[in-house]
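The values are calculated or read from the model by the stated rules, or taken from the named source; none is laboratory data. All values derive from a computational prediction rather than experimental measurement. Virtual Cβ from ideal backbone geometry, glycine too; neighbours counted across all protein chains shown.
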Amino acid sequence: MYGINPAPYTCYRAAGPITIDGKLDEPSWLAAPKSNRFVDIVTGEPGWYDTRVAMLWDDEHLYFGFTAEEPHVHATLTERDSRIYEDNDLEVFIAGADAYYEFEINALNTIYEVFWIWKDVPLTPEFDPAKRRTMTLDGVGGHVHPRGERWGFLDWDYPGLRHAVHVDGTRGWSVELALPWKGLELLADGRALPPNDGDVWRIDCSRFQQVDVQGRPIPPGAGWTWNRHGHYDSHIPELFPYVTFSSDSAIHSK
């Protein structure tokens with residue numbers, strides 16, 4: 001549909017406990033494969049700051065570990081579910097067949113979450129737009145998705161989510177996330193949780209930068225993603241990377 005080959009990634013098992021403190025210093029994180037440097041969402045050119053993500057899993061959680069170069073770490077928003085995309089942020093998107101989850105975080109550890117469901121599928125009573133805080137979206141940045149509109153449930157919170165940020169002076173910041181498998185039941189489409197060896201999910205990670213290297217605002221902001229989308233739009237599940245889960249230990253995979 002879009003003529004772009006999404007990135008592949010292998011997510012290995014954590015070899016031991018993961019402490020959610022944002023530091024990514026456990027042996028499993030040091031061994032886990034890192035993504036390529038994030039690229040411009042439209043052109044595919046490397047972002048001017050190095051941004052990468054790694055993933056791990058165990059029987060209880062799916063983990064994300066981001067590193068974000070930024071000489072002058074900048075964040076302003078402190079209220080949960082503020083429009084974090086208007087700050088410098090890091091983002092995760094996890095897709096099922098008919099819905100996807102969006103997560104955003106800034107360097108102050110403030111988060112924003114939305115659960116999106118395409119309008120061409122019936123809604124369960126849990127997701128009644130008349131009773132929930134919602135928005136609608138057909139695309140971003142002038143791009144309209146061929147599937148049309150989706151509901152965004154703004155008051156949905158991922159159950160048991162843990163997140164932490166570590167700011168490293170003038171070098172940048174890192175983020176660590178732990179998502180209990182229970183919260184992904186709505187996106188599993190019959191797949192096992194935790195996943196079986198070889199299971200494939202569509203998961204994207206991105207970064208939006210609202211100020212340039214001199215600290216000047218750059219509306220609408222620079223968007224950097226795991227792989228190019230060709231549009232200024234993070235909400236294209238067909239372009240999310242293919243994440244294959246491996247039962248091998250991250251440490252033994254080296």
> Which fully enclosed strands (runs of 3 or more DSSP E) of region 149-254 have 2 or more residues being surrounded by 20 or more Cβ atoms within 10 Å (Cβ to Cβ)?
Replying inline: 150-153, 172-180, 200-211, 217-225, 242-249
>> Can you say whether Val200 is farther than 30 Å from Asp58 by Cβ and in contact (Cβ under 8 Å) with a residue 40 or more places away in the chain, as far as the supplied structure shows?
In response: no
> Which members of region 100-120 meet the condition of being closer than 19 Å to Leu184 by Cα and either exposed (fewer than 13 other Cβ atoms within 10 Å of the Cβ) or in contact with a Ser or Thr (Cβ under 7 Å, 6 or more places away or on another chain) (or both)?
Replying inline: Tyr112
> Filtering region 24-66 down to residues that are of a type in the set (S, T, N, Q) and within 17 Å of the chain's Cα centre (by Cα), which residue is nearest to Glu91 (Cα to Cα)?
Replying inline: Thr51
>> Please go through region 57-72 and give me each residue that is crowded, with 17+ Cβ neighbours inside 10 Å, more than 19 Å from Thr225 (Cα to Cα) and not aromatic (Phe, Trp, Tyr), ordered by number.
In response: Asp58, His61, Leu62
> Inside region 13-61, can you point out the residues that are outside any loop (DSSP other than H, G, I, E, B), under 12 Å from Leu177 (Cβ atoms) and of a type in the set (Gly, Ala, Ser)?
Replying inline: Ala54
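Let's see how each residue does on (1) in contact (Cβ under 8 Å) with a residue 24 or more places away in the chain; (2) farther than 15 Å from Ala14 by Cβ; (3) in contact with a helix residue (DSSP H, G or I) (Cβ under 8 Å, 6 or more places away or on another chain):
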site: Glu26; (1), (2), (3): no, no, no
site: Ala31; (1), (2), (3): yes, no, no
site: Phe38; (1), (2), (3): yes, yes, no
site: Val42; (1), (2), (3): yes, yes, no
site: Pro46; (1), (2), (3): no, yes, no
site: Tyr49; (1), (2), (3): yes, yes, no
site: Met55; (1), (2), (3): yes, no, no
site: Asp58; (1), (2), (3): yes, no, no
> If you go through region 62-71 one residue at a time, do you hit one that is assigned to a strand (DSSP E or B), aromatic (Phe, Trp, Tyr) and either under 28 Å from Tyr2 (Cα atoms) or modelled with pLDDT under 95 (or both)?
Replying inline: yes
>> Name the residue that is farthest from Ile105 (Cα to Cα), counting only residues in region 202-220 that are out of contact with any helix residue (DSSP H, G or I) (no Cβ under 7 Å at 6 or more places or on another chain) and at pLDDT 90 or above.
In response: Ile203
> Which one is farthest from the chain's Cα centre (by Cα) among residues in region 79-119 that are under 21 Å from Arg216 (Cα atoms) and assigned to a loop (DSSP other than H, G, I, E, B)?
Replying inline: Leu108
